[in-house]
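The values are calculated or read from the model by the stated rules, or taken from the named source; none is laboratory data. Just so you know, these numbers come straight off a predicted model, no measurement behind them. Quick reminder, even Gly has a Cβ in these numbers, built from the backbone with ideal geometry, and neighbours come from all protein chains shown.
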């Protein structure tokens with residue numbers, strides 16, 4: 001049965017890759033701090049069509065990735081096959097996912113706003129357990145600003161965060177990078193602005 005919780009289920013059914021096929025720039029920050037070694041594991045939460053997961057697999061990491069959209073996972077596996085890399089990709093929900101694995105790098109881009117408010121604390125508690133000592137977390141999340149209108153393509157289950165909410169979950173970790181930026185977007189073919197908070201943190205014990 002087709003997932004109707006997010007518009008991306010249909011958008012990802014296109015032959016084209018909605019977000020492109022090149023890995024995001026933030027991944028190079030992670031690689032610089034934790035270069036790939038044999039057996040080093042990565043978890044991509046909300047992988048979309050797989051561009052970042054495939055990029056990390058090409059670099060030599062053992063990659064696990066999941067997304068809410070079946071069509072996104074199909075394209076993730078197709079992109080991996082075209083790149084001649086292997087990864088574990090499957091459909092799952094950021095609010096309820098479970099795994100017995102531990103990871104050296106966990107990241108998610110543009111997905112935290114799909115967390116239900118009553119699941120946020122449990123999510124970060126879980127993520128910290130799943131991260132190996134000296135492991136990295138990178139997350140970003142869209143935040144609300146009173147001078148910015150909501151994006152025209154906003155999903156019904158997305159919730160904007162407040163400035164600084166993301167950073168507060170990492171007061172006990174080493175912070176490598178924190179940023180808040182306002183940027184232009186044309187994802188719905190209607191120009192609009194987003195504000196996003198980002199953090200790169202390392203578990204030291």
Considering each residue of the stretch 134-161, count those that are surrounded by fewer than 20 Cβ atoms within 10 Å (Cβ to Cβ), touching a strand residue (DSSP E or B) at 6+ places or on another chain (Cβ under 6 Å) and under 14 Å from residue 117 (Cβ atoms), and give that number. 2
Among the residues of the stretch 150-200, the number that are part of a loop (DSSP other than H, G, I, E, B) and closer than 21 Å to residue 8 by Cα is 17
Inspect all residues belonging to the stretch 101-122 and state whether any of them is free of Cβ contacts under 8 Å to residues at least 40 places away in the same chain, under 22 Å from residue 175 (Cβ atoms) and not in a strand (DSSP E or B). yes
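Between 137, 132, 95, which is over 17 Å from residue 53 (Cα atoms), touching a helix residue (DSSP H, G or I) at 6+ places or on another chain (Cβ under 9 Å), touching a residue at least 12 places away in the same chain (Cβ under 8 Å) and outside any helix (DSSP H, G or I)? So that I can check it myself, show each step before the final result.
Details: 137 fails: over 17 Å from residue 53 (Cα atoms); 132 fails: touching a helix residue (DSSP H, G or I) at 6+ places or on another chain (Cβ under 9 Å).
Answer to the selection: 95.
Could you tell me how many of the residues in the stretch 49-70 are crowded, with 20+ Cβ neighbours inside 10 Å and in contact (Cβ under 8 Å) with a residue 60 or more places away in the chain?
Taking the stretch 49-70 as the starting set, the residues that turn out to be crowded, with 20+ Cβ neighbours inside 10 Å are 49-57, 61, 63-69.
Okay, now just the ones that are also in contact (Cβ under 8 Å) with a residue 60 or more places away in the chain, so 68-69.
The qualifying residues number 2.
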Helices (runs of 4 or more DSSP H) wholly in the stretch 1-84 with at least 3 residues that are more than 18 Å from residue 135 (Cβ to Cβ), in contact with a strand residue (DSSP E or B) (Cβ under 7 Å, 6 or more places away or on another chain) and at pLDDT 95 or above - which ones? 70-83
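Suppose the filter is out of contact with any helix residue (DSSP H, G or I) (no Cβ under 9 Å at 6 or more places or on another chain) and over 24 Å from residue 176 (Cα atoms); does residue 78 pass it?
On the way: out of contact with any helix residue (DSSP H, G or I) (no Cβ under 9 Å at 6 or more places or on another chain): yes; over 24 Å from residue 176 (Cα atoms): yes.
So residue 78 passes the test.
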Subset of the stretch 16-43 that is within 23 Å of residue 91 (Cβ to Cβ) and surrounded by fewer than 15 Cβ atoms within 10 Å (Cβ to Cβ) - its residue that is farthest from the chain's Cα centre (by Cα): 16
